[in-house]
Amino acid sequence: MIATTHEVVRLFHEHAYPLSEKLTEMLNEHYSHQTERRGCGYTQATRVLAEYINVPRASHEFQDLKLFEQYDTHGLRKILDHSRAYHLDLSGWRHLDLNQNLNQNIQQLKQSTDFYDVLQKELQLQKSLRQIQQHANLEESKLICNLIEDLILPKSSTENQIVEVQALANKPKVGSCPMAENFFLKIAHRRVFRSGEINIFVDECGQPLFMEKLNMGDNHSCISLKPVLMNGVRIPAGSLFSVDYDAEQLVEKRENREFKGFVIPYQAISGWWFLRLTTLSVSPQNRKRAFSTHFQQQVDNGLYSPGTTELQQLIDVAKAQL
């Protein structure tokens, strides 16, 4: 039985459009998602969003709208099919609210009541999506609101001053179980296995962007140390990724100062695959609330300080390798 409605579920219902039944169940922490394998509904919801994020946004496809509860795409299809008849220059259905040509001519479209009404409905939804994060009070809600906004209204790296990373075409065999934070928590406290290695992928300014661990659990498991852009979606720091590259082809790399491993420019990498948010993406004071049974599972399994470790500690370890 679901006891409470998650803030994100309520916000989309009140301000934009209801989320799909699957996402609603997850965010409302239905017991079926609070399993040893899934962690909690919030974690599972970020895995579902990851499935969409890893695929490039398409201007004329409606796949991303499956995030909403039975979203009727007839209106958008009508806008795209009849836009030329109304002298509208549209490259797709996204960002209608930012289209200057459309906004300049919208008053003239009032004569065509049916088309105007359809257009206004879609414009209002897109405007609401851009503002929905501002209605959120909870830290974890803002993260989800941003991800969904960007899935529908993709962003560019220039407008957000954010590093854009290449998405892999296929998902590598790297797990995302609730214990995936285990070794990253240890690394944050400088506890690295003798056989363990960490690679630091840096941005154009030489600042840490990702940390990869090797010989500690799944190889090629990464955590983001800064927000990154992938397929138009801003993915927050503290997110779990897998990475793929040919180690023998990495020419531009230098050894870490402290631990085994290398400092590597992110441009040298084939690509990443976004898996989910980690518990480190939310500040310690809000972590238990955000990740509920997932967080409790980490505590019960004796992970290293899951309730107090901060992402900044991992960033500090990464910077010490430069």
*What residues of the range 152-175 lie in the reach of a label at Glu204, counting those whose backbone N is under 14 Å from a point 7 Å from the Cα along Cα→Cβ?*
157-165
*In degrees, nearest ten, helix 41-53 long axis to first principal axis of the chain (Cα)*: 70
*asked:* Which residue fluctuates most in the GNM of the chain (Cα springs below 10 Å): Leu23, Leu138, Leu129?
replied: Leu138
*asked:* How many angstrom lie between the Cα centre of the range 222-243 and the Cα centre of the range 109-179?
replied: 15
*Please identify the GluC sites (Glu not before Pro) of the range 185-282 that satisfy two criteria: DSSP loop assignment and at most 15 other Cβ atoms within 10 Å. Which are they?*
Glu204, Glu252, Glu258
*Using Cα pairs closer than 8 Å and at least 6 residues apart in sequence, work out the relative contact order for the range 155-321, in percent.*
27
*Using only Cα atoms, tell me the angle between helix 113-135 and the longest principal axis of the chain; keep it within 0 to 90° and round to the nearest 10.*
30
*Gaussian network model of the chain, springs between alpha carbon atoms under 10 Å - residue of His294, His74, His33 with greatest fluctuation*: His74
*Extent of the range 1-150 along each principal axis, from alpha carbon coordinates, in Å, largest to smallest?*
55, 28, 23
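How large is the accessible surface per residue of the chain, computed with a 1.4 Å probe and reported in Å² as a whole number? Intermediate values should be presented prior to the final figure.
Details: 15410 Å² over 322 residues.
That works out to 48 Å² for each residue.
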*Degrees between helix 311-320 axis and first principal axis of the chain (Cα, 0 to 90, nearest 10)*: 60
*Under the definition of Cα pairs under 8 Å and six or more residues apart, what whole-number percent is the relative contact order of the chain?*
19
*When the chain is treated as a GNM, springs tying every alpha-carbon pair under 10 Å, which of Leu119, Leu27, Leu311 comes out with the largest mean-square fluctuation?*
Leu119
*Excluding same-chain residues fewer than 8 positions from Lys22, which aspartates and glutamates have a Cα within less than 13 Å of its Cα?*
Glu69
_Just to verify a number: FRET efficiency for Tyr31 and Phe62, C-beta to C-beta distance, R0 = 45 Å, to 0.05?_
0.90
*Extending each Cα 7 Å along its Cβ direction at Leu138 and Gln249, get the distance between those two points in nm, one decimal.*
4.3
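Considering only protein heavy atoms and a 1.4 Å probe, what is the carbon-and-sulfur percentage of the accessible area of the chain? Write down the numbers at each step before the final one.
Details: 6990 of 15410 Å².
Summing carbon and sulfur atoms, their accessible area is 45 percent of the total for the chain.
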_Per DSSP helix of 4 or more residues, -39500 (n - 2.57); summed, then divided by the residues of the chain. What does that give at 222 nm, rounded to the nearest 500?_
-11000 deg cm²/dmol
_Debye intensity ratio I(q)/I(0), log10, the chain, q values 0.13, 0.14 Å⁻¹ (C-alpha model)_ = -0.96, -1.07
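Which FRET efficiency value, to the nearest 0.05, is calculated for Asp117 and Ala85 with the Förster distance at 25 angstrom and r the Cβ-Cβ distance? Mind dumping the intermediate values first?
Values: r = 16 Å, r/R0 = 0.64.
Calculated value: 0.95.
Tell me, what is the FRET efficiency for Glu14 and Arg289 to the nearest 0.05, using R0 = 25 angstrom and their Cβ-Cβ distance as r? Could you put the intermediate results ahead of the total?
On the way: r = 21 Å, r/R0 = 0.84.
E(calc), rounded to 0.05, equals 0.75.
The values are calculated or read from the model by the stated rules, or taken from the named source; none is laboratory data. Everything quoted here is computed from the prediction, not taken from an experiment. Cβ sites come from the backbone with ideal geometry, for glycine too, and all protein chains shown count toward neighbours. For the accessible areas, the whole protein counts, side chains as well, though only heavy atoms, and no ligand, DNA or RNA atoms are used. Shrake-Rupley method; radii C 1.70, N 1.55, O 1.52, S 1.80 Å.
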